[in-house]
1. Do the conditions hold for Tyr137, that is, is it under 27 Å from Asn31 (Cα atoms), in the same structural domain as Ile61 (by TED's automatic domain parsing) and touching a residue at least 24 places away in the same chain (Cβ under 8 Å)?
2. Counting only residues that are under 19 Å from Ser167 (Cα atoms) and either in a helix (DSSP H, G or I) or touching a Gly at 6+ places or on another chain (Cβ under 8 Å) (or both), how many does the range 265-290 have?
3. Which of the following residues is crowded, with 22+ Cβ neighbours inside 10 Å, in contact with a strand residue (DSSP E or B) (Cβ under 7 Å, 6 or more places away or on another chain) and on the phi < 0 side of the Ramachandran plot: Ile57, Ile103, Ile130, Ile84?
4. So is Tyr163 crowded, with 18+ Cβ neighbours inside 10 Å, part of a loop (DSSP other than H, G, I, E, B) and under 23 Å from the mean Cα position of the chain (by Cα) or not?
5. When residues of the range 82-104 are filtered for being closer than 25 Å to Lys50 by Cβ and either polar (S, T, N, Q) or touching a residue at least 24 places away in the same chain (Cβ under 8 Å) (or both), how many remain?
6. Just one of (1) over 17 Å from Tyr85 (Cα atoms); (2) part of a helix (DSSP H, G or I); (3) among the β-branched types (Val, Ile, Thr) trips up Thr13, so point out which.
7. Quick one: which residue in Ser164, Ser160, Ser128 is under 30 Å from Ile84 (Cα atoms) and in the same structural domain as Gln80 (by TED's automatic domain parsing)?
8. Looking at (1) part of a loop (DSSP other than H, G, I, E, B); (2) closer than 30 Å to Phe139 by Cβ; (3) in contact with a Ser or Thr (Cβ under 8 Å, 6 or more places away or on another chain), can you tell me which one Val197 breaks?
Amino acid sequence: MTSDTSQSLSKTTKSILKQYGITLNKNLGQNYLIDKNKRDQIVHFGNIDKNDTVLEIGTGIGTLTIELAKKAKKVIAIEQDENIYKILTKRLKDEKIDNVELINDDALSVDFPKFNKIISNLPYQISSPITFKFLNYDFDLAILMYQKEFAERMNGEVGSKNYSRLSAMLYFKCNVEKLTDVSAESFIPKPKIDSTVVRLTPKESKISDNDFKTYSNFTKALFQHRNKKIRNALIDSRHVISNIDKKVLRQRLNEIESEEINEYLSRRVVTLTPEEILKLSRELNPIFNE
């Protein structure tokens, strides 16, 4: 197979898919990058050297994988589609690349081997859960491609339409920096929306693992009802936090004497800053779990 140094990435990709009779499924997030300049830019953003072990989720036929392997000490590449996995296995063998650990599994269910960087054109349908999963691991940086609207929610300002569970969760864990947009024309099949590449850089944690777990539960409960008042959102989504009875919870919330907490409870979810959600979760968690 001719490598993409002598022909365009678009032609190489289409040729490989045709050779193996592969039809890409947009519903599975199989949108393959065919813009060599954007591919090279993504690799460059990763600032990879021979000390790095890079995690890649959703490898496809190796558009990123092969370039990452040339620069990194090791690449851990996860691809769920068995046919695509077999194609990439053969490509790596043909290219004599032996520093890729290729895993044929669901990235959401598998434990990741040790890595220090993440570089991926993520399958869009798992963007949210895979990002939350990344937050459970230590890493130096992540260069990730998302749908543009999703990327905008990652840095959503309090009170704005983009403020979400995602932005609240990332707030304590990572700095999020937009790097570049990628046109829908840069993929096959062409998605309906443009993409954005972002850099995630972990923050030094200000909160303990236990506090973050509590914060995570409250954030999930609250943002299921982002336009409701906090009190009602917590009552309606109490099951996310504990098994407390609805009447018991309502009574306990009514008995709260703190003016500050009562003021929080009367506000709408989207107006609460991450710090305020953290304070609320610390104060109210005993009420939910007595």
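1. Yes.
2. Qualifying residue count, the range 265-290: 11.
3. On the way: Ile103 fails: crowded, with 22+ Cβ neighbours inside 10 Å; Ile130 fails: crowded, with 22+ Cβ neighbours inside 10 Å; Ile84 fails: in contact with a strand residue (DSSP E or B) (Cβ under 7 Å, 6 or more places away or on another chain).
The conditions single out Ile57.
4. Details: crowded, with 18+ Cβ neighbours inside 10 Å: yes; part of a loop (DSSP other than H, G, I, E, B): yes; under 23 Å from the mean Cα position of the chain (by Cα): yes.
Spelling it out, Tyr163 is indeed crowded, with 18+ Cβ neighbours inside 10 Å, part of a loop (DSSP other than H, G, I, E, B) and under 23 Å from the mean Cα position of the chain (by Cα).
5. Residues of the range 82-104 closer than 25 Å to Lys50 by Cβ: 88-89, 91-103.
Keeping just the survivors that are either polar (S, T, N, Q) or touching a residue at least 24 places away in the same chain (Cβ under 8 Å) (or both) gives 88-89, 91-92, 94-95, 97, 99-103.
Counting residues in the range 82-104 that are closer than 25 Å to Lys50 by Cβ and either polar (S, T, N, Q) or touching a residue at least 24 places away in the same chain (Cβ under 8 Å) (or both) gives 12.
6. (1)
7. Details: Ser164 fails: under 30 Å from Ile84 (Cα atoms); Ser160 fails: under 30 Å from Ile84 (Cα atoms).
Being under 30 Å from Ile84 (Cα atoms) and in the same structural domain as Gln80 (by TED's automatic domain parsing) holds for just one of Ser164, Ser160, Ser128, which is Ser128.
8. For Val197, the exception is condition (1).
The values are calculated or read from the model by the stated rules, or taken from the named source; none is laboratory data. Computed from a predicted structure; not experimentally measured. FYI the Cβ positions are ideal-geometry reconstructions off the backbone, even for glycines, and counts take in every protein chain you see.
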